[in-house]
1. Could you list 249, 99 so that the one with the fewest beta carbons within 10 Å of its beta carbon is first and the one with the most is last?
2. What Kirkwood hydrodynamic radius, in Å, does region 6-84 give when the mean of 1/r is taken over all pairs of distinct Cα atoms and then inverted?
3. List the trypsin sites (Lys or Arg not before Pro) in region 1-51 that DSSP assigns to loop (not H, G, I, E or B) and whose Cβ has at most 16 other Cβ atoms within 10 Å. Which are they?
4. Considering the alpha-carbon set of region 134-247 alone, what are its Rg and its Dmax in angstrom?
5. Where nothing but the Cβ of Lys and Arg (+1) and of Asp and Glu (-1) is charged, how large is the charge dipole of region 178-285 around its Cα centre, in debye to the nearest 20?
6. At what distance in angstrom do the alpha carbon centres of region 167-227 and region 258-285 lie from each other?
7. Quick one: divide the alpha-carbon radius of gyration of region 8-163 by 2.2 N^0.38 Å and tell me what you get.
8. Placing +1 at every Lys and Arg Cβ and -1 at every Asp and Glu Cβ, with all other atoms neutral, what dipole size does region 1-120 have around its Cα centre, in debye to the nearest 20?
Amino acid sequence: MTARDGMRIGFVGAGRVARGLGVALRDAGYDIRAVASRTPAAADALAAQLGCTATTAQGVADRCDLVFLTVPDDAIARVAAEIRWRGGQSVLHCSGATEVAALAPAADAGAMTGGFHPLQGFAGAGETPLAGCTVTVEAAPPLARTLDTMVAALGCRLNRLPPGKRALYHASAGYGAGFIHVLMAEIAAVWGEWGASEADVLAAILPMARTTLGAIDRGGIAETMPGPVSRGDAGSIRAHLAAMEAHPERRAFYRAHTLRSVALAETAGRIDAAQADELRALLEKN
């Protein structure tokens with residue numbers, strides 16, 4: 001059956017996540033029946049894109065077998081409590097940090113509940129491809145099996161998460177998303193000292209960053225780390241610290257990250273214990 005065994009899917013919330021996930025599910029052969037949003041125009045636009053009905057949140061729940069609550073994290077529990085659910089229905093949220101317990105009103109009504117979090121940024125304009133990304137699933141059987149099948153149909157990788165770990169998981173995922181922006185902003189601040197623009201920084205650093213990520217993908221994290229720490233080059237580290245003497249916050253940022261680099265280089269056997277101790281002493285002293 002092309003509509004994935006006749007399962008009717010709906011979205012409460014019509015923002016970027018609903019749009020990206022809705023398009024991906026539709027293209028994978030799922031039957032998207034209804035969408036709702038507190039902004040009617042957003043629901044109308046997404047419904048037109050997906051070829052389904054724009055209705056109320058209750059209308060989505062009444063029409064669909066599986067409902068995604070793609071609303072802001074702090075609205076999940078409230079929206080779940082406002083809807084009349086039914087036994088046997090499946091209700092999911094797409095938050096990385098919010099515990100599935102926020103869907104307790106649906107569970108109390110006999111619905112199956114879970115979390116379905118695509119580990120993908122939805123910040124840009126247009127469609128965000130999901131194929132190839134990881135989807136973190138938290139659910140009990142039989143819903144878990146349904147979601148496993150859905151992840152595979154989307155061409156994604158499955159990551160199962162036990163209860164109680166969502167905030168920790170989401171915080172760690174931020175290192176690979178939002179913290180990259182922080183690192184780039186720090187580079188831009190340094191380069192600004194000689195008049196380089198953000199465009200200059202991106203043109204210079206992004207190719208190197210892509211090469212680094214490619215090396216990690218092929219050879220692992222610690223094993224492929226480049227730079228002076230991986231060579232035990234204390235002289236370069238000493239020069240870096242001296243150059244940042246007038247910027248204590250920048251220096252502290254550099255020290256914290258470089259200290260973590262020492263542990264990686266030692267773990268990979270790139271430097272020996274004596275070199276690692278020398279680098280740590282230098283960084284902790286300064």
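Rule-based calculations on the coordinates, nothing more; no lab input. Quick caveat: nothing in here was measured; it's all calculated off a predicted structure. Reconstructed Cβ throughout: ideal geometry from the backbone, glycine too, with neighbour counts over all protein chains shown.
1. Numbers: 249 10, 99 18.
Listing 249, 99 from fewest to most nearby Cβ atoms yields 249, 99.
2. Numbers: mean 1/r = 0.0832 Å⁻¹.
Its Kirkwood hydrodynamic radius stands at 12.0 Å.
3. Details: sites: 4, 8, 16, 19, 26, 33, 38; in loops: 4, 38.
Sites meeting the loop and neighbour criteria: 38.
4. That works out to 20.1, 60 Å for Rg and Dmax.
5. On the way: 11 positive and 14 negative charges, 22 e Å.
Using Cβ point charges on Lys, Arg, Asp and Glu, region 178-285 gives about 100 debye.
6. Result: 21 Å between the Cα centres.
7. Working: Rg = 13.9 Å, N = 156, 2.2 N^0.38 = 15.0 Å.
That works out to 0.93 for region 8-163.
8. 220 debye
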